[in-house]
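The values are calculated or read from the model by the stated rules, or taken from the named source; none is laboratory data. Keep in mind it's a predicted model, so treat the numbers as computed, not measured. Quick reminder, even Gly has a Cβ in these numbers, built from the backbone with ideal geometry, and neighbours come from all protein chains shown.
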Amino acid sequence: MSTTADLSQRIGDTQKYSLTFTEDGSPLDITGATIYLTVKKDLSDTDLEALFQKVVTAHTDPAQGETEIVVNPADTSSLECGSYFYDIQVTTAGGEIYTPLLGKYTLGYEVTLT
């Protein structure tokens, strides 16, 4: 089951998302899993057309379901402010695919440009 939650960040900033995956209230072991954060302008865009995609294979504490996704300044610096679509998808070591989180991804203006 997916949870809907909106995310936001400033264009050109570093944004870190610390995540803990659970199943029935217990940590989900994500050892060997690949975690994707994909941001798209339109839901019908292919992954190749995504505004950016982060792929995480090294996790903070995989046995406890903990990982971190880092969006770097270069990932958003050439994008326009606006509201986009995102999801976070998990592909387990066994090949199962889950999309636990999705929603709107809002990019806001950056005031300081240095």
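Observations, loosely collected:
- Filter result (closer than 18 Å to residue 99 by Cβ and of a type in the set (A, V, I, L, M)) within the range 52-81: 55, 56, 69
- Listed by first and then second residue, the pairs with beta-carbon distance under 6 Å, at least 6 apart or on different chains, first residue in the range 17-32 and under 19 Å from residue 71 (Cβ atoms), second of a type in the set (Ser, Thr, Tyr), are 19/67.
- The one condition from (1) at pLDDT 95 or above; (2) of a type in the set (Val, Ile, Thr); (3) more than 11 Å from residue 9 (Cβ to Cβ) that residue 112 does not meet is (1).
- No other residue among 35, 30 is among the β-branched types (Val, Ile, Thr) and not in a loop (DSSP other than H, G, I, E, B) apart from 35.
- Subset of the range 46-60 (residues that are over 16 Å from residue 75 (Cβ atoms), surrounded by 12 or more Cβ atoms within 10 Å (Cβ to Cβ) and not hydroxyl-bearing (Ser, Thr, Tyr)): 59
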